[in-house]
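*Asks:* I have a structure I would like to understand better, so I am pasting it below and will then ask my questions one at a time.
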Amino acid sequence: MSQPARLSPARRRDDAERMRTETFDVLVIGGGVTGTGIALDAATRGLSVALVEQRDFASGTSSRSSKLIHGGLRYLEQLNFGLVREALQERGLLMERLAPHLVRPVPFLYPLTHNVWERPYVAAGLTLYDSLGGARELPRHSHLTKRGALRLAPSLRPDSLVGAVQYWDAQVDDARHTMSLGRTAAHYGAAILTSARVIGLMREGERVVGAEVDDLETGEQLAIRAHQVVNATGVWANQIQEMAGRGRVHVRPSKGVHIVVPRDRIHSDTGIILRTEKSVLFVIPWPSQMNPRHWLIGTTDTDWELDLDHPAASEADITYLLQQVNRVLRTPLTPADVEGVFAGLRPLLHGESESTSTLSREHAIGQSVAGLITIAGGKYTTYRVMAKDTVDAVARNLDQRVPESVTHEIPVLGAEGYHALWNQRGELAEQSGLHKTRVEHLLRRHGTLVTEVLDMIADEPGLAEPLPGADDYLLAEVVYGASHEGALHLEDVLTRRTRASIEAWDRGVAAAQVTAELMAPVLGWDEEAVKREVEHYVLRVEAEHQSQDMPDDHTADAARLGAPDVRVRFRPVG
């Protein structure tokens, strides 16, 4: 493989120039997991591809998921065997071939609360779950007595279970995975432009032939031409369809909130899944089962009709999650234990049911008008299938013959040779002067691209120091985020290239100044720009704290919108 593509400022300028002058086969709107997956699928079929994203990779739904790659036990209970089989097949591909550094096994304990009927009922479902889609890459489920379950999870109240079943799924760093898909698409020739907001669709007669785009970094307006335009904007899909005048796919946003608590607040050697009145609740080790520092607890599932860019978690959301998990804990969690909170919106297909938790997680593809295809719905795990189906639809509208999808054979950058490099981690530690545990953490985030980070450290040894206030990360990773991974703003690094915004007690505020100063030379920021970036980030954190003290969605949304967005339409100074 040639040198991996760098999503650098220079690459961004080059890609913007391509968008000014080329007519692409496909223009993808949306830089979430579906959009980046489509860009990769199309590029590896030999199509010319442009992708625009109004903010950052995964800045919407794709960085705010439960971070699970799974078949979905509740879909099995709903008898949706096709969706579960498809998702389990994708889980196997991601773990074994496509992204083994980012997708890892995680065990879950399912406490049983009924003595007679529940164990055989759950066992029957998990037996099917273990075998659907050829799922063989993980251990099969196992039965535990009450005593055995409490040995694995001592924090569980003895009266909350009569026994348990343990099964295995997988987890992912969703934001890094989505960014890696975008970078891999760029490696195969896609032109990528983040901080680029679509403000209108271009037409020739009734046909859509491209999009008018505001470059929020330079103030330039681009007219990007393409034979086919794909609307992969998730919860914003309705807005893009409105630009076309009509739409066939209708999305209903559902808010999901997660809280993050320190590892020592729950004593358990396994994740936990609990049934609630509405759905299920996950307690997930983070960032991985092998080296957990935190627990993710979620999620809620409620209708949302307010601001799409910055969905807000309210005090009611946090109270609900604490109440649900405290039903089974010996030592209840309190609001003081919550170190991080994040809220995201799921793009569910609009249906008849009033309950968002029962809306379809299948995906739908529709041609709103000639030249515009919309993809919506689905779940993170099946992004590759959604991308394949979308490009198949694109191909039917192009004049040339388009090859079949090959993304089942295309590892994301950092995956090729990962297992071999993992086995050599001791040697890497010795060569770099870093502790072996630190090298393991880097490998799980960057895969084989860790050598690029280590080369930076070799050239500038001071970059081996941990980031103040977020010491799981190195200074080199901040620089790398701006120079190789397409980060354009401070929040891109603190919320998505790293997870300081949900893992640090201060939500990354202590790391903000140093991070901005490290990004400045790469992105050409002066002192005023550094100051502005830090101020924006601090205001955002303050607004999030305020929203989480508000009693309901409307007051929380109003508080969150009190902080300006760092990405605003460019206004020249002077």
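The values are calculated or read from the model by the stated rules, or taken from the named source; none is laboratory data. Just so it is clear, the model here is predicted, and its values are computed rather than measured. Ideal geometry is used to build each Cβ from the backbone, glycine not excepted, and the neighbour counts take in all protein chains shown. Surface areas here come from the heavy atoms of the whole protein model, side chains and all, with no ligands, DNA or RNA. Shrake-Rupley method; radii C 1.70, N 1.55, O 1.52, S 1.80 Å.
*Asks:* Identify all residues within the range 50-74 that are outside any loop (DSSP other than H, G, I, E, B) and within 22 Å of L98 (Cβ to Cβ); write none if there are none.
*Replies:* L51, T61, S62, S63, L68, I69
*Asks:* Just checking, which of R293, R327, R275 is closer than 23 Å to H70 by Cβ and free of Cβ contacts under 8 Å to residues at least 12 places away in the same chain?
*Replies:* None of the other options fit; the residue is R275.
*Asks:* Can you spot a residue in the range 130-139 that is among the hydroxyl-bearing types (S, T, Y) and outside any helix (DSSP H, G or I)?
*Replies:* no
*Asks:* When you check H536 against the structure, is it open to solvent by 20 Å² or more (accessible area, probe 1.4 Å), modelled with pLDDT of 95 or more and in contact with an Asp or Glu (Cβ under 8 Å, 6 or more places away or on another chain), yes or no?
*Replies:* Working: open to solvent by 20 Å² or more (accessible area, probe 1.4 Å): yes; modelled with pLDDT of 95 or more: yes; in contact with an Asp or Glu (Cβ under 8 Å, 6 or more places away or on another chain): yes.
Taking the combined requirement at face value, the residue satisfies it.
*Asks:* Out of the range 6-17, which residues are surrounded by 18 or more Cβ atoms within 10 Å (Cβ to Cβ) and over 10 Å from G486 (Cβ atoms)?
*Replies:* Of everything in the range 6-17, those that are surrounded by 18 or more Cβ atoms within 10 Å (Cβ to Cβ) and over 10 Å from G486 (Cβ atoms) turn out to be D15, A16.
*Asks:* Follow-up. Has the range 478-491 got at least one residue that is among the charged types (D, E, K, R) and surrounded by fewer than 23 Cβ atoms within 10 Å (Cβ to Cβ)?
*Replies:* Filtering the range 478-491 for residues among the charged types (D, E, K, R) gives 485, 491.
Narrowing the set further to residues that are surrounded by fewer than 23 Cβ atoms within 10 Å (Cβ to Cβ) leaves none.
No - not one qualifying residue is present in the range 478-491.
*Asks:* Given the residues L47, L40, L27, which is the only one that is in contact with a helix residue (DSSP H, G or I) (Cβ under 8 Å, 6 or more places away or on another chain), closer than 24 Å to D392 by Cβ and either outside any helix (DSSP H, G or I) or open to solvent by 10 Å² or more (accessible area, probe 1.4 Å) (or both)?
*Replies:* On the way: L40 fails: either outside any helix (DSSP H, G or I) or open to solvent by 10 Å² or more (accessible area, probe 1.4 Å) (or both); L27 fails: in contact with a helix residue (DSSP H, G or I) (Cβ under 8 Å, 6 or more places away or on another chain).
From the options L47, L40, L27, the qualifying one is L47.
*Asks:* For the range 514-563, name all the residues that are part of a loop (DSSP other than H, G, I, E, B), of a type in the set (G, A, S) and either within 26 Å of H484 (Cβ to Cβ) or in contact (Cβ under 8 Å) with a residue 24 or more places away in the chain (or both).
*Replies:* If the condition is that a residue be part of a loop (DSSP other than H, G, I, E, B), of a type in the set (G, A, S) and either within 26 Å of H484 (Cβ to Cβ) or in contact (Cβ under 8 Å) with a residue 24 or more places away in the chain (or both), then G524, A563 are the ones that fit.
*Asks:* Still on this structure: What are the residues in the range 162-181 that are open to solvent by less than 10 Å² (accessible area, probe 1.4 Å) and either without any contact (Cβ under 8 Å) to a residue 12 or more places away in the chain or charged (D, E, K, R) (or both), if any?
*Replies:* Listed by number, the residues that qualify are D169, D174, R176.
*Asks:* Sticking with this one: How many residues are assigned to a helix (DSSP H, G or I) and surrounded by fewer than 24 Cβ atoms within 10 Å (Cβ to Cβ) when one looks only at the range 492-513? Walk me through how you get there before you give the answer.
*Replies:* As a first pass, look at the range 492-513 and keep what is assigned to a helix (DSSP H, G or I): 492-497, 500-503, 509-513.
Still in the list and also surrounded by fewer than 24 Cβ atoms within 10 Å (Cβ to Cβ): 502-503, 509-510, 513.
Of the residues in that region, 5 qualify.
*Asks:* Which condition breaks for E404 when tested against (1) over 22 Å from L47 (Cα atoms); (2) open to solvent by 10 Å² or more (accessible area, probe 1.4 Å); (3) modelled with pLDDT of 95 or more?
*Replies:* (1)
*Asks:* Mind listing whichever residues of the range 209-264 are farther than 17 Å from R20 by Cβ, of a type in the set (D, E, K, R) and in contact with a Ser or Thr (Cβ under 8 Å, 6 or more places away or on another chain)?
*Replies:* R246, R248, R252, K255
*Asks:* Here's a follow-up. Enumerate the pairs (first residue in the range 83-100 and closer than 14 Å to Y380 by Cβ; second residue anywhere and among the aromatic types (F, W, Y)) with beta-carbon separation below 7 Å, excluding pairs fewer than 6 apart on the same chain, so at least 6 apart or on different chains.
*Replies:* L83/Y75
*Asks:* Of the residues that sit in the range 270-284 and are open to solvent by 20 Å² or more (accessible area, probe 1.4 Å) and part of a strand (DSSP E or B), which one is nearest to P154 (Cα to Cα)?
*Replies:* Among them, the one singled out is F282.
*Asks:* In addition: Give the range 330-354 a look and list any residue that's at pLDDT 95 or above, outside any helix (DSSP H, G or I), among the hydrophobic types (A, V, I, L, M, F, W, C) and over 15 Å from S66 (Cβ atoms), or say none.
*Replies:* L333, V338
*Asks:* Within the range 140-157, can you find the residues that are part of a helix (DSSP H, G or I) and touching a residue at least 40 places away in the same chain (Cβ under 8 Å)?
*Replies:* Selection gives A149, L152.
*Asks:* In the list H267, H227, which residue meets the criterion of being under 23 Å from A196 (Cα atoms) and either part of a helix (DSSP H, G or I) or open to solvent by 10 Å² or more (accessible area, probe 1.4 Å) (or both)?
*Replies:* Working: H267 fails: under 23 Å from A196 (Cα atoms).
Only one candidate passes the filter, namely H227.
*Asks:* Now, a different point. Mind telling me which of the residues G447, G378, G417 ends up being of a type outside the set (D, E, K, R), open to solvent by 30 Å² or more (accessible area, probe 1.4 Å) and either in contact (Cβ under 8 Å) with a residue 24 or more places away in the chain or farther than 27 Å from A58 by Cα (or both)?
*Replies:* Working: G447 fails: open to solvent by 30 Å² or more (accessible area, probe 1.4 Å); G378 fails: open to solvent by 30 Å² or more (accessible area, probe 1.4 Å).
The conditions single out G417.
*Asks:* Identify all residues within the range 101-116 that are touching a residue at least 60 places away in the same chain (Cβ under 8 Å) and open to solvent by 10 Å² or more (accessible area, probe 1.4 Å); write none if there are none.
*Replies:* Within the range 101-116, the subset touching a residue at least 60 places away in the same chain (Cβ under 8 Å) is 101-111.
Selection gives R104, P105, Y110, P111.
*Asks:* Further, regarding this structure: Restricting attention to the range 255-292, which residues are modelled with pLDDT under 95 and touching a Phe, Trp or Tyr at 6+ places or on another chain (Cβ under 7 Å)?
*Replies:* Within the range 255-292, just P292 meets the criteria.
*Asks:* Here is a follow-up. Would you confirm whether or not the range 85-93 contains a residue that is closer than 11 Å to D169 by Cβ, in contact with a Pro (Cβ under 7 Å, 6 or more places away or on another chain) and either hydrophobic (A, V, I, L, M, F, W, C) or surrounded by fewer than 18 Cβ atoms within 10 Å (Cβ to Cβ) (or both)?
*Replies:* Going residue by residue through the range 85-93, those that are closer than 11 Å to D169 by Cβ are 87-88, 91.
Subset that is in contact with a Pro (Cβ under 7 Å, 6 or more places away or on another chain): none.
No, the conditions are met nowhere in the range 85-93.
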